[in-house]
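Have a look at the structure below before the remarks.
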Amino acid sequence: MARQYRDRRALVTGASRRLGRAIALRLAEAGADVVLHFRSDEAGARDTAEEIREVHGRQAVVLQADLADPDAARNLVVEAEAALGPLDLLVNNAAIFVRTPLDTMTPEDFDGHMEANARSVYVLSLEAGRRMKARGHGCIVNLADVAGIRPWPAYVPYSASKGAVWNLTLGFARALAPEVRVNGIAPGPMLPPAGESPEQGEKAVANTLLGRWGEPRDIAEAVLFLATTGYVTGVVLPVDGGRSIA
């Protein structure tokens, strides 16, 4: 298989499972060395790292951080570059996704989602982006969500945080140009959230034009595309089976 991202260095947040794991493995398959961030699932991150080393023969470093803490988010970039060297790619994947119905929604729900999902992207992009810009090259890919522009009523704080990620993608694309490209991906239904009922899953799929679940590999391929296509910046790419226009 072509190694179209050989010897590049990537930091993937939330890389222990689900989409983050798929992204990290695809980057390694393409030839990259990867820093795998986790918040609580150390075993999953180490399993992903082991697969990267044994199957793809690339370096993999595991680092822990609570990205809701801005100092921890900033230090994650510092530690990643100390471990592997200057980063070519930052993938802001980590996020929380908590159902917040109107009758139980609180100010703390808003703060928690904004800190973990939006401020973390801001801090990581600022720290990594400044370093990349000073070196003259780099790429950032953010995991946004169509909920950022079409909010879900039972997930208002989450939707607001992803709206901020959408805006941060465009803002940093302008601020870091021309040396650094910044793009985003808006996934559709890929994996059922924890605790979701079969009926909720069926409704999510029914709201796509393709009428089926996507696969984490679809998102991983989109990340690799945005990392390797040099004339794309300031774009949030829907990979959602047509849900955003259904």
If amide hydrogens are placed 1.01 Å from N in the peptide plane, which non-local residues have theirs closer than 5 Å to the one on Val182?
Ile140, Gly234
Cα gyration tensor category, rounded, prolate or oblate, for the stretch 65-117 with a/c compared to 1.5
prolate
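Got the relative contact order for the stretch 9-245 handy, in percent, Cα pairs under 8 Å and 6 or more residues apart?
Working: 475 pairs, mean separation 44.5, N = 237.
It comes to 19 percent, rounded to a whole number.
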Considering only Pro157, Pro70, Pro107, give the residue with the highest GNM mean-square fluctuation for the chain, with springs between Cα atoms whenever their separation is below 10 Å.
Pro107
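Can you check what the net charge comes to around Ala83, using other residues whose Cβ is under 13 Å from the Cβ of Ala83 (Lys, Arg +1; Asp, Glu -1)? Show your work: numbers first, answer last.
Numbers: positive: Arg9; negative: Asp33, Glu79, Glu81.
The answer is -2.
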Taking the simple approach of a point 7 Å from Cα along Cα-to-Cβ for both Glu202 and Val55, what is their distance in nm?
3.3
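Note down the net charge around Trp152, summing +1 for each Lys or Arg and -1 for each Asp or Glu among other residues with Cβ under 11 Å from its Cβ. Don't skip to the end; give the middle numbers.
Values: positive: Arg99, Arg150, Lys162; negative: Asp145.
Net of charged neighbours comes to +2.
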With the chain treated as a Gaussian network of Cα nodes joined by springs under 10 Å, which of Thr100, Thr233, Thr48 yields the largest mean-square fluctuation?
Thr100
Using a Gaussian network model on the chain with a 10 Å cutoff between Cα atoms, which of Thr104, Thr13, Thr228 fluctuates the most?
Thr104
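Provide the net charge surrounding Leu126, with neighbours chosen by a C-beta distance below 11 Å and charges set as Lys +1, Arg +1, Asp -1, Glu -1.
Values: positive: Arg74, Arg119, Arg130, Arg131, Lys133; negative: Glu127.
Around Leu126, the charge tally is +4.
How about the stretch 134-233: which chymotrypsin sites (Phe, Trp or Tyr not before Pro) there are in a DSSP loop, with at most 13 other Cβ atoms within 10 Å of their Cβ? Numbers along the way, then the final one.
Numbers: sites: Tyr155, Tyr158, Trp166, Phe172, Trp213, Phe225, Tyr231; in loops: Trp213, Tyr231.
Sites meeting the loop and neighbour criteria: Tyr231.
Rounded, prolate or oblate: which fits the stretch 9-245 when a ≥ b ≥ c are the square roots of the eigenvalues of the alpha-carbon gyration tensor, with rounded for a/c under 1.5 and prolate only if a/b beats b/c?
Details: a/c = 1.45, a/b = 1.35, b/c = 1.07.
Verdict is rounded for the stretch 9-245.
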Under 5 Å between amide hydrogens, which residues at least 5 positions from Val61 or on another chain qualify, with H placed 1.01 Å from N in the peptide plane?
Val34, Val35, Leu36
Rg over Rh, two decimals, the stretch 14-125 (C-alpha only, Kirkwood Rh):
1.02
By the C-alpha gyration tensor axes a ≥ b ≥ c (rounded if a/c is under 1.5, else prolate when a/b exceeds b/c, else oblate), the shape of the stretch 93-223 is oblate
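Throughout, read-outs are computed from the coordinates displayed, never taken from laboratory work. From a predicted model like this one, the values you see are computed outputs, not experimental measurements. Neighbour counts run over all protein chains shown; Cβ positions are idealised from the backbone, glycine included.
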